[in-house]
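Everything on this sheet refers to the single structure shown next.
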Amino acid sequence: MSVQGSSSLKYSDLFKPPEPTSSTDSSKEPPKESEWKVVSHSRGRRRARSTPPHTSQNTPSPKDSSLVARTDKAATDIFNSAKHKAIETTKRSDQQSKSLPILHLLAADPEPIVFHSAHQTNHNDPQRMLCDAILQANRIITMRIFNIGSPEIIRALIQAVRRNIPVVVSAWNFPNLSNWDRKSELCVELRGNPQICLHKKTTLIDNQLTIIGTANYTKSSFFKDINLTALIQNPALYSLILRGTQGSVSIGSQTISYYPLPFPQSNTKTLPIIQEIQKAQRTIKIAMSIFSHPEIFLALEQAHLRGVTITIVINKKESAHTLDILHRISALLLLKSVTTVDSLHAKICLIDDQTLIFGSPNWTYHGMHKNLEDLLIVTPLTPKQIYSIQEIWAFLLKNSSPV
């Protein structure tokens with residue numbers, strides 16, 4: 001498979017609507033019925049059936065676990081081979097790491113871990129960062145995402161496919177492609193088991209680059225909601241996340257630990273979140289969309305009793321869950337530590353201003369023990385990283401109110 005290198009397309013070009021289909025160009029006619037199928041996944045076991053492109057069952061709502069996707073030969077080849085190619089190319093990551101091209105978007109900041117959020121001064125356009133990374137990809141793109149709805153991101157993925165870049169997108173919610181560019185060869189796996197939610201927010205590019213955080217790939221999640229997305233350059237971490245293997249890597253003077261969820265319910269006391277809380281000496285600052293995990297609250301109460309200052313900011317719409325759990329476990333000492341804010345979607349915890357816990361899971365039973373999630377712990381934070389988190393935290397405190 002030939003790879004054409006990075007795209008000449010710019011981020012601003014992604015805002016342009018697709019060119020209208022010409023009625024005289026037979027190559028741009030709508031695909032035949034045999035070129036479409038509904039693809040669903042249940043714990044990695046795929047089943048597919050051919051479906052006419054205009055039937056009612058091919059117009060899923062955002063919550064449906066079915067997906068209309070183009071599956072002509074070129075797209076199917078990419079879809080079937082990309083996962084295998086991702087694993088095989090990762091085996092050579094360590095040997096290739098010194099010769100891999102550095103993406104242009106990394107040149108602006110030499111740190112290998114950079115935080116992006118709309119609620120900080122610098123690096124405040126995470127959608128652009130993600131699109132630039134996709135447009136500059138020249139080997140492979142693997143995306144695992146709960147919800148993707150950004151037209152710009154989808155167009156960037158389509159451009160990558162047209163450059164013969166292997167692309168695999170695993171998604172829980174995905175727009176109906178019949179409303180998008182039906183000429184595209186973008187293939188999507190849908191994780192369709194209603195009992196096991198794919199809640200990740202992760203993109204892996206070119207055997208070295210990981211884009212991971214708390215934001216879904218929608219405009220509201222990137223620009224309105226309070227979120228955090230990290231851009232990390234490290235082949236070893238890339239390999240761990242690609243394979244879903246728990247482990248830690250050193251990146252400069254920092255250690256970053258990766259935990260693929262779910263955790264066994266019977267092993268709650270070994271949750272890395274609880275272990276980090278037990279290490280806290282001075283402060284614990286938590287910003288959480290949904291927070292209702294009893295054992296984590298009990299660990300926080302113990303930290304409070306030994307003199308650690310605890311501040312918890314939660315999504316106002318979800319505050320009832322938190323208050324209910326606090327009353328049920330009689331952790332009333334924590335009530336005065338809780339405030340609420342609108343549009344909070346982050347899942348972050350800053351301990352002693354040195355250790356950051358973040359990722360896709362809410363701190364709930366399902367987030368820890370049911371869903372497919374990615375959790376990261378980074379320590380010690382650099383001054384730039386601390387400043388990024390402090391800016392987000394200042395915004396939260398300014399806009400929060402007591403429960």
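Here are the numbers:
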read-out	value
Under Karplus coefficients 6.51, -1.76 and 1.60, residue-wise ³J(HN,Hα) of region 369-383 in Hz, glycine/proline x	10, 10, 6, 8, 9, 10, 10, 10, 10, 10, 7, x, 6, 7, x
Order of 131, 349 under a 10 Å beta carbon neighbour criterion, fewest first	349, 131
Cut-off under 5 Å, modelled amide H: who pairs with residue 173 long-range	147, 148
From phi via Karplus (6.51, -1.76, 1.60), per-residue ³J(HN,Hα) for region 319-327 in Hz, x at Gly/Pro	5, 4, 4, 5, 5, 4, 5, 4, 6
³J(HN,Hα), Karplus 6.51/-1.76/1.60, whole Hz, each residue of region 397-402, x for Gly, Pro	5, 5, 10, 9, 9, x
Under 5 Å, built H, 5+ apart or other chain: amide partners of residue 342	316
Interchain or long-range residues, amide H under 5 Å from residue 372's placed H	197, 198, 199
Gain upon complete extension [residue 327, residue 219; 0.36 nm per residue less C-alpha separation]	35.3 nm
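Where a number appears in this text, it was derived from the coordinates with a stated rule and is not lab data. Owing to the predicted nature of the structure, the values given are computational and were not obtained by experimental measurement. Note that each Cβ is placed from the backbone with ideal geometry, even for glycine, and that neighbours are counted across all protein chains shown.
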